[in-house]
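Worksheet: one structure, shown below.
The values are calculated or read from the model by the stated rules, or taken from the named source; none is laboratory data. Computed from a prediction, not measured in an experiment: that's the story for all the values here. Positions of Cβ are generated from backbone atoms using ideal geometry, with glycine treated the same way; all protein chains shown enter the neighbour counts. Note: accessible area is taken over every heavy atom of the protein model, side chains too, but ligands, DNA and RNA are not part of it. Shrake-Rupley method; radii C 1.70, N 1.55, O 1.52, S 1.80 Å.
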Amino acid sequence: MKRIIIITILMSALSAANLFAQVGFSAGYLRTSLQNDAHKQEPLNGFYAGLSYNFKVASIFSINPGLRYSFGSRSDGKMEFQSISTKKSTQEHFIEMPVSLTFTIPVSKSVSVVAYGRPTFSYGISGGFSYEFSRRSQNDELLSFKYDYFKGKATAKNLPDELMNMINENIDKDSYRRYDVLLGAGAGIVLANLCMIHAGYDWGLLNRYKDKDNGSIKRNVLHVGVTFLF
C-alpha cells in the first residue's frame, strides 16, 4: 500500500512538473574574448544553437538547463611573400551546458521581463589555428597547416610524415584544457510566451592553459540571441 502511495505521489509530481515546463530552441551570436596575463587577444565571432528545458518552480522563478553547440572564429591576418599568399585563422568548437536560474516578471498579458544568472559547463571539441598557403596568381591551395591546441598536435596537407613529426617535436605548444566553467548573467523580454529575446555575458572561471608556467588565460563570452518556446 505504501509503495502505491509513493508511486502515486511521484507520478502526480511529474505530471504537475510537465504542466509547467516548456522546451525551447535557442540560437544567437557569440563574441568570445580571450584574456591572458600579457595582453588581450582579438575576439572570436560566431554563433550558438541548442535546446533548453524551462522548468517552472514558482510563479516568477524557473530553472533552465540546456545543451548547445557554439562556434567562434577570427582571421589573424594575411601575409604575402613573392608569389605566395598566406592566411592565418583561429576557430573553436564547443559543446556547452548552461543551467540558468531565471526570474520572470509580467509587464502585461503578452510581455514579460526576465533576468537570469547561470553557470555554464563547457567542453572543447576542437580548437586551434591554421595557415593556408596559396599562389597569388592562381589562388590555388599549396599547403594547409593546422594546430589543435586541445590535442597539442599539428597536422598538414602535402607534407611528408617525417617533416610533420619534426614540426610536432619542435612546435611552441600553447595547449588548452578542454573543460571550462563560466559564470554569467543576462536579461531579456518574453513576447506572448512564444519567444524570448535576450543578451548576457559569461565570465570564464578556469585557467585554460594546461601548463601553468604559461600564465593564465580565460574565456569570456558575450551572447545575444532568441529562444523559441514550445
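Just one of Ala16, Ala38, Ala27, Ala21 is within 30 Å of Leu182 (Cα to Cα), modelled with pLDDT under 65, hydrophobic (A, V, I, L, M, F, W, C) and surrounded by fewer than 15 Cβ atoms within 10 Å (Cβ to Cβ); which is it?
Being within 30 Å of Leu182 (Cα to Cα), modelled with pLDDT under 65, hydrophobic (A, V, I, L, M, F, W, C) and surrounded by fewer than 15 Cβ atoms within 10 Å (Cβ to Cβ) holds for just one of Ala16, Ala38, Ala27, Ala21, which is Ala38.
Pull up region 173-230, narrow it to residues that are farther than 18 Å from Pro98 by Cβ and of a type in the set (S, T, N, Q), then point me to the one that is modelled with the lowest pLDDT.
If we take residues in region 173-230 being farther than 18 Å from Pro98 by Cβ and of a type in the set (S, T, N, Q), then Asn214 is modelled with the lowest pLDDT.
Looking at this structure, is Lys56 farther than 16 Å from Pro98 by Cα, open to solvent by 70 Å² or more (accessible area, probe 1.4 Å) and modelled with pLDDT of 55 or more?
yes
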